[in-house]
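Below is one structure, written out as structure tokens, with a few remarks after it.
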Amino acid sequence: MNPSPPPAPFLADLAWPGHARIAARGQALDAILADPVNLAVWQRSDAPVIDVGGLDTVEDIAVVVPAGAGAAISDALAAAGYDDALAVLLAHDIGELAGRFAALLRIERVAIRLEVVETDACRRFHADYVAVRLICTYAGPGTQWLANDDAAALAPGAEPPAATIRSIATGDVALFKGRDRSDTPIVHRSPPIVGTGARRLVLVIDPARPDQPAAATGSASTDAKPAR
């Protein structure tokens, strides 16, 4: 059996490159609007604590809702099988994040996905074809990313040196700038977890397209499915 790769260092373990910003307040996310910045991270000390053992029977959620539509989020969580206490906790947090995201980008509708991940989904480093994407990992290891210089040095399909792989901490909120808004989008991937016993609960929020209909609870088949 091949030995497991060393865990990716958390953000505080490496010096931050100039194109990334981090702070322990929500205003940290505003930095994503600056041209040089392609990653903005809000370090949270009060993020919801999720027991992955309670996620065995829940379905994935994919909905398009108006910004601030907290009731629609609550309904989707209930329909997906989340217990009442967890549904209330997540609905409040997701509603707050969706509202902040919409206000920052000046959009009226958001596409929200909440998924339980147990596979190596999107394990190759890449940049997304979006303008800006919000990702928050509520449970399990967070999204991995590369500094611009390290991404530029990476051959297509190659695995980067472990020392260059950085990780968003569980519970932190990250905005990833994509190809639709930058010539130097942030390069990232879902952390490989197969064989580790890890399970992840991942929230993804995108700007909704004008023609994008609401998707059904239990379906994660939105276009441009992201790395998480």
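The values are calculated or read from the model by the stated rules, or taken from the named source; none is laboratory data. The shown structure was predicted, so the numbers you read here are calculated from the model rather than taken from an experiment. Note: ideal-geometry Cβ built from the backbone for every residue, glycine included; neighbour counts use all protein chains shown.
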Residue pairs meeting the criteria (Cβ under 9 Å; at least 6 apart or on separate chains; first at positive phi, in region 59-72; second buried (at least 16 other Cβ atoms within 10 Å of the Cβ))
GLY68/GLY95; GLY68/ALA98; GLY68/ALA102
In region 148-167, which residues are in contact (Cβ under 8 Å) with a residue 24 or more places away in the chain, part of a loop (DSSP other than H, G, I, E, B), out of contact with any helix residue (DSSP H, G or I) (no Cβ under 7 Å at 6 or more places or on another chain) and closer than 20 Å to GLY18 by Cβ?
LEU154, ILE165
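Can you find a residue in region 124-133 that is of a type in the set (Asp, Glu), under 14 Å from the mean Cα position of the chain (by Cα) and modelled with pLDDT of 95 or more?
No: region 124-133 contains no residue that is of a type in the set (Asp, Glu), under 14 Å from the mean Cα position of the chain (by Cα) and modelled with pLDDT of 95 or more.
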For the list (1) touching a Phe, Trp or Tyr at 6+ places or on another chain (Cβ under 7 Å); (2) modelled with pLDDT of 95 or more; (3) in a loop (DSSP other than H, G, I, E, B), I need the number of the one condition that ARG179 fails.
(2)
Residues of region 72-131 satisfying the condition of being basic (Lys, Arg), over 19 Å from VAL202 (Cβ atoms) and assigned to a loop (DSSP other than H, G, I, E, B):
ARG106
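What about ASP211, is it at pLDDT 95 or above, closer than 27 Å to ALA76 by Cα and charged (D, E, K, R)?
no
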Residue check for ILE94: crowded, with 20+ Cβ neighbours inside 10 Å, of a type outside the set (Gly, Ala, Ser), without any contact (Cβ under 8 Å) to a residue 60 or more places away in the chain and under 23 Å from ARG199 (Cβ atoms):
no
